[in-house]
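Below are the structure tokens for one structure; questions will follow.
The values are calculated or read from the model by the stated rules, or taken from the named source; none is laboratory data. From a predicted model like this one, the values you see are computed outputs, not experimental measurements. Every residue, glycine as well, gets a Cβ built from its backbone with ideal geometry; the counts of neighbours run over all protein chains shown. Remember, those area values only see protein heavy atoms, side chains included, never the ligands or the DNA or RNA. Shrake-Rupley method; radii C 1.70, N 1.55, O 1.52, S 1.80 Å.
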Amino acid sequence: MVKFTIPLPPVTKKNSQRILVNKATGRPFIAPSEQYKQYEKDAQWFTPACIPPIDKPVNIKCVFYMPTRRRVDLTNLLEAADDVLVHAGVIADDHSGIVVSHDGSRVMHDKENPRTEIEITEWEEGR
């Protein structure tokens, strides 16, 4: 089991997008915002070193403590958390063969201490 906290206000990847234009082709494409890219970079400082990255089926429980009571999409937060874990090398990939579930994940409120608490446990067949 791996358990750790990212002591930063959670940021969703989907709600933090921008449209850019490929200079070579002139075609527009969607890219994460600078805010999300900075969050992903900063969050890596708080992730554990997993060498090699986890490549077995796991449950990733994420409890997001938001700084406001504004409604937020849990699915978008989970996508961002999975991407941070892949980018930091904690998990090998976020496909369904590795990230089997997000059981227990939820959104909470903590104005004074926004954060993401992550617990990665081995997936047990028949759960």
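Give the long-range amide H neighbours of residue 105: residues separated by 5 or more places, or on another chain, with amide H under 5 Å away, using H modelled in the peptide plane at 1.01 Å from N.
The list, which skips near neighbours in sequence, is 62.
Could you please state how large a percent of the accessible area of the chain is carbon and sulfur, counting protein chains only and using a 1.4 Å probe?
Details: 4100 of 8070 Å².
So the carbon and sulfur contribution to the accessible surface is 51 percent.
Let me ask another. Anyone know which of 69, 27, 106 comes out most mobile in the 10 Å Cα GNM of the chain?
Of the options given, 27 has the highest mean-square fluctuation.
Taking every DSSP beta bridge that has both residues in the chain, what percent is antiparallel when rounded to the nearest 5?
On the way: 18 of 25 bridges.
Around 70 percent antiparallel, to the nearest 5.
Counting pairs on different chains as well as pairs 8 or more places apart, how many Lys pairs in the chain have Cα atoms under 24 Å apart?
22
A further question on this structure: Around residue 73, under 12 Å between beta carbons, what's the net of Lys plus Arg minus Asp minus Glu among the other residues? Don't skip to the answer; put the middle values down first.
On the way: positive: 13, 14, 70, 71; negative: 79.
It works out to a net charge of +3.
For mean projected area of the Cα convex hull in nm², several values are listed as (1) 9.0; (2) 10.0; (3) 11.1; flag the one computed from this structure.
It is the one labelled (1).
Helix 74-87 versus the longest principal axis of the chain: what is the Cα-based angle in degrees, 0 to 90, to the nearest 10?
Compared with the principal axis, the helix lies near 90 degrees.
What's the extension gain from residue 38 to residue 4 if we count 0.36 nm per residue and subtract their Cα-Cα distance? Don't skip to the end; give the middle numbers.
Numbers: separation 34, 0.36 × 34 = 12.24 nm, distance 1.95 nm.
Here the answer is 10.3 nm.
Helix 34-43 versus the longest principal axis of the chain: what angle, 0 to 90°, nearest 10, using Cα atoms?
Rounded to the nearest ten degrees, it is 30.
Which residue, 105, 33, 96, has the most motion in a Gaussian network model of the chain that connects Cα atoms within less than 10 Å?
96
For the stretch 98-112, in order, what is each residue's ³J(HN,Hα) by Karplus, 6.51 cos²θ - 1.76 cosθ + 1.60 with θ = phi - 60°, in whole Hz (x at glycine and Pro)?
9, 8, 6, 7, 10, 4, x, 6, 6, 10, 10, 10, 8, 4, 7
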